[in-house]
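Since every read-out is calculated from the coordinates, none of them should be taken as a lab result. This is a predicted model, so every value here is computed, not measured. As a convention, Cβ positions derive from the backbone with ideal geometry for all residues, glycine included, and neighbour counts pool all protein chains shown.
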Amino acid sequence: MRENRSTPAGEHRPVLLEEVLAVLEPRPGEVVVDCTLGFGGHAGELLQRIGPEGRLIGFDLDQENLETVRERLTSIGHPFTLHHSNFAGIMRAIGQENLEGCDMVLADLGMSSMQVDDARRGFSYMREGPLDMRMDGSRGRTAADLLNTLPEDELASAFLEIGDEPQASEIAAAIVAIRGEMPLRTTKQLAKLIQEAAPVKVNPYPLPGEPKAWQQKIRPVARVFQALRILVNRELANLKELLRVLPTCLRPGGRVALISFHSGEDRLVKAAFKEGLRNGTYTATSDDPIRATYEERGMNPRSRSAKLRWAKRAEY
Ligand SMILES: C[S@@+](CC[C@H](N)C(=O)[O-])C[C@H]1O[C@@H](n2cnc3c(N)ncnc32)[C@H](O)[C@@H]1O
């Protein structure tokens, strides 16, 4: 698993853009909620399509992202409002806007390329920086706080259950051993510790197309960093809350598109849409996730693990 990095050509190109537009079918005058503005790539395309009579409501936990996106969307000239808050509070935001619901909801989960590229944020194991990892840098506990205080079994279960890391116990034990002498503070310090605690097990009989040995070498580091980021930002709890309130947010006939990059997230989305179809809240959902095309994968490595699922709210 490699860290998601965009090539210059694919930089800031929204993931699965054509596919998102095809499933959401934005029309002039509609109300759209972009739960995860990021650089505002999807939001800009949606805003152009809903036009001056429509309304876009956007969320991001990251104040720095919001400043960038505000400029970008303002240049389009159609109405929008931005919220520096968690998309789990989507119902409150819709109420504040005096709306009864929205026609479309999009969430492109995880972190943005701006966040991963900024060493000060501590999301990247390839850049030396403080172990922060908070999307909202103004509140909450940092990755360093969690690593230096959580009990060993809690760290191990996060690495195993969220990160799918088979050597979770060894890594958690190494963290607890070192923090007694010296607290963990930086990304490279953690990456080195993981590499030493979890020697890479290279498959001696790789299947055709399986990652090369050097790629496997960074797997435990990538898995643990992803698990920590999800833990720090309570990403699974936020997604569960969004899935719970979605049917109430969407107007009859409304559409939702969710892009995930983590198997646990995709399982939650799949289960919620399936249940919605069973109980009649949704009239249609994707059977299988929509994946990036070969061309997009080549241009933007981040898209390789992206899974898009959609659902359509019943007409009553
Ligand atoms: C993958 S990026 C979105 C990229 C965006 N679709 C674009 O076109 O540029 C995800 C963004 O969602 C934000 N985010 C993640 N979880 C959030 C949450 N619970 N509430 C609000 N924003 C969140 C992150 O800060 C990040 O900026």
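Results, tabulated for the structure shown:
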| item | result |
| --- | --- |
| Global form of the chain, assessed from the alpha-carbon gyration tensor, a/c cut-off 1.5 | prolate |
| Distance (nanometres) between label positions extended 7 Å along Cα→Cβ at SER263 and GLN48 | 3.8 |
| Diffusion coefficient, µm² s⁻¹, Stokes-Einstein with Kirkwood Rh over alpha-carbon pairs of the stretch 230-289 at 10 °C and 1.306 mPa s | 130 |
| Protection proxy ranking of 269-277, 56-64 - average other beta-carbon atoms within 10 Å, highest first | 56-64, 269-277 |
| VAL200 paired with GLU315, simple spin-label distance in nm, labels 7 Å along Cα-to-beta-carbon | 5.5 |
| Estimated distance in nm for a label pair at ASN98 and ALA119, the labels positioned 7 Å out from Cα along Cα-to-Cβ | 5.0 |
| Cross-link reach list, aspartates and glutamates versus LYS307, counting only Cα pairs under 14 Å and skipping chain neighbours closer than eight places | GLU18, GLU19, ASP108, GLU265, ASP266, ASP287, ASP288, GLU296 |
| Cα centroid separation - the stretch 81-147 against the stretch 242-274, whole Å | 18 |
